[in-house]
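Just below is one structure, and these are the notes that go with it.
The values are calculated or read from the model by the stated rules, or taken from the named source; none is laboratory data. All values derive from a computational prediction rather than experimental measurement. Note that each Cβ is placed from the backbone with ideal geometry, even for glycine, and that neighbours are counted across all protein chains shown. Only protein heavy atoms, including side chains, enter the accessible area calculation; ligands, DNA and RNA are left aside. Shrake-Rupley method; radii C 1.70, N 1.55, O 1.52, S 1.80 Å.
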Amino acid sequence: MSDSGNAHILLTAEQARAADAWALDHGVSSLSLMEVAGKAVAEITAEYLGPPSEVDGDVVILCGPGNNGGDGYVAARYLGAQGYSVSLMTSCHTDALKGDAREMAGQWAGGQATINTAKFKKASAIIDALFGTGLSRAIESELAEVIDAINKSRALKIAVDIPSGLCANTGQPLGPCVQADATVTFFKKKVGQTVAPGRFLCGGQEHIYIADIGIPEACISALSVSAFENIPSLWGVAFPHAGPATHKYHRGHLLVLGGKEPTLGASRLAALAGLRVGAGLVTLASPTESYAIQASALTDVMVRRFEGPVGFMGIASDARMNTVLMGPGAGVGEKTADLVQDVAASGKSLVLDADALTSLVGKMNDLRGAGGDADVIMTPHDGEFGRLFPEISLVGDRVAAARQAASESGCFIVLKGVSTVIAAPDGRAAVTTNAPAWLSVGGTGDILSGAIAGLMAQGMPGFEAACAGVWLQGEAAMRAGRGLIASDLLTQLPKVLP
């Protein structure tokens, strides 16, 4: 499997084809690529099944008409040579095969037949080599019935490159789609293998294997890649690390707009998260009516009292406060929206969540460009996103939707969900895959916004800070385990800092 650099890169189907073409133009044999790809599929399948002597049932390999099918013929040859009982079935006659696929079919001497779904019931494994990343329409008719039979089978299901029927660009099924237990993909992951439900149809992140088949890394510069998996190699270089001469003012000063009853805890969670990720100082600005509660509840965070928007802007005018977080428990309304505009105009880095986002519904045009060169990050969940950007649909392609929102707003967008997408106004997008299901409890969004703001306060650029904050929260949640409540993340965050 691949251990090359650029591990965070995600390719579209078009870029994957361009990478193949680049390799061929630079002297790599197309037959060699197919040979190594099919061998990798065989190796992964063998790892799952164990020794041939312990396998009860055939390894059924389903080959389609294209290069994906050619990979299947190669896998059949290697598995047969290792002693597995291989039953190769095709969706087309070998006379219809072309190029490398036809060559590899000729090298398979084990016989083949048309697809017979009745044999799936006694199979030990089914290798799906029907369709690859080039599929652009729904699978229909008899092959749709084949997909259904694959999914009903109790056999191990291995997908070659991508499950047949899955869109490589969006992670959405085009129609009937194989539900793989594992996927062996080539060179780099595809965008659709990280976005739900695609990553689950591929078997889950821990069951997606990237095979190095010989495509040179040098081709990356020719692909105009702008999509990435949100892992530390994407943002690690920009992560702030305190040096031996560092003092608290070097590590930034985060200002958090305090909340109102009954959600006072939201701003406290956010403020503490900012500290936990390394901000040198955090101040929570609290309205007079809740000041006593907040001041008595917080010991590590400074609490300052303010009256009205003028009072808050007076606190925010301190030049040492370089980043402001607004939203958790702030209250929804015109006052919050106006305050957001005022802070944005001050040129400080800004993170907007929860009530701040809801207050901006219908006012996004006023926010665009208000911050000048300062980074503004918005962290909506699906409902908030739909209200803020009613003309952008989340159905079908979440990455494209987040990109469009970032471009139109001029803000960095953190579209929260099963596959949180971070998008930048310049078109970059990252997909996060490490968040466990038990993270979906109240208060975790406040922790996330605080963590992102705390990293920005330390000088981390907006896109990298957003990516790091989302990834760190996912890792902290994994450490906390099931039964997590939001405050558990505060004790786990320091343990996952790079």
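For the reader, a short list of remarks on this structure follows.
- For Glu334 and Leu497, the difference between the fully extended length at 0.36 nm per residue and the C-alpha to C-alpha distance is 54.9 nm.
- At 1.002 mPa s and 20 °C, Stokes diffusion of region 147-275 via Kirkwood alpha-carbon radius, µm² per second: 115 µm²/s
- Entry comment: accessible area of the chain is 40 Å² per residue, from protein heavy atoms only and a probe of 1.4 Å.
- Dimensions (Å) - region 59-146, Cα atoms, principal axes, largest first: 37, 32, 21
- Computed on protein heavy atoms with a 1.4 Å probe, the accessible areas place Val86, Val277, Val310 in the order Val310, Val86, Val277, largest first.
- Counting all C-alpha pairs of region 225-343, share separated by more than 18 Å (%): 55 percent
- Here the peptides 29-37, 267-275 are ranked by packing, the mean other Cβ count within 10 Å, and the order with the highest first is 267-275, 29-37.
- Going by accessible surface with a 1.4 Å probe and the largest first, Tyr249, Tyr78 read Tyr249, Tyr78.
- Computed on region 394-490, the Cα convex hull volume stands at 92 Å³ per residue.
- Net length gained if the chain between Asn6 and Ala81 were fully extended (0.36 nm per residue, minus Cα distance): 23.6 nm
- Rounded, prolate or oblate (a/c below 1.5 giving rounded, otherwise prolate when a/b exceeds b/c) for region 100-193 by Cα gyration tensor: oblate
- Annotation: extensible slack from Lys260 through Lys363 equals 34.8 nm (criterion: 0.36 nm per residue apart, minus Cα-Cα distance).
- Packing-based ranking, highest mean first, of 250-257, 140-147 given that Cβ atoms within 10 Å are counted: 250-257, 140-147
- Prolate/oblate/rounded label for region 375-415 (Cα gyration tensor, a/c 1.5): prolate
- Diffusion coefficient, µm² s⁻¹, Stokes-Einstein with Kirkwood Rh over alpha-carbon pairs of region 218-283 at 10 °C and 1.306 mPa s: 105 µm²/s
- At 1.306 mPa s and 10 °C, Stokes D of region 321-430 from Kirkwood alpha-carbon radius, µm² per second: 116 µm²/s
- Cross-link pairs Lys39/Lys122; Lys335/Lys495; Lys119/Lys189; Lys98/Lys190; Lys157/Lys416; Lys39/Lys495 - those with Cα-Cα distance over 28 Å: Lys335/Lys495; Lys119/Lys189; Lys157/Lys416; Lys39/Lys495
- Accessible surface of region 173-310 [probe 1.4 Å, protein heavy atoms]: carbon and sulfur percent: 56 percent
- The dipole here belongs to the chain: it is taken about the Cα centre, uses +1 on the Cβ of Lys and Arg and -1 on the Cβ of Asp and Glu, and is about 780 debye.
- Mean Cβ count within 10 Å, highest first, over the residues of peptides 188-201, 436-449, 59-72: 59-72, 188-201, 436-449
- Calculated Rg and Dmax of the chain using C-alpha coordinates, Å: 25.9, 83
- Whichever aspartates and glutamates have a C-alpha closer than 17 Å to that of Lys248, once near sequence neighbours (fewer than 8 apart) are set aside: Asp300, Asp318
- Principal-axis analysis of the Cα atoms of the chain puts helix 13-25 at an angle of about 60° to the longest axis.
- P(r) of region 187-252 over all Cα-Cα pairs, binned every 10 Å from zero, in whole percent: 15, 33, 26, 14, 11
- The share of Cα pairs per 5 Å bin across region 53-210, counted from zero up to the longest distance, runs 2, 10, 20, 24, 21, 15, 7, 1, 0 percent.
- Relative contact order computed over the chain (Cα-Cα under 8 Å; 6+ residues apart), in percent: 13 percent
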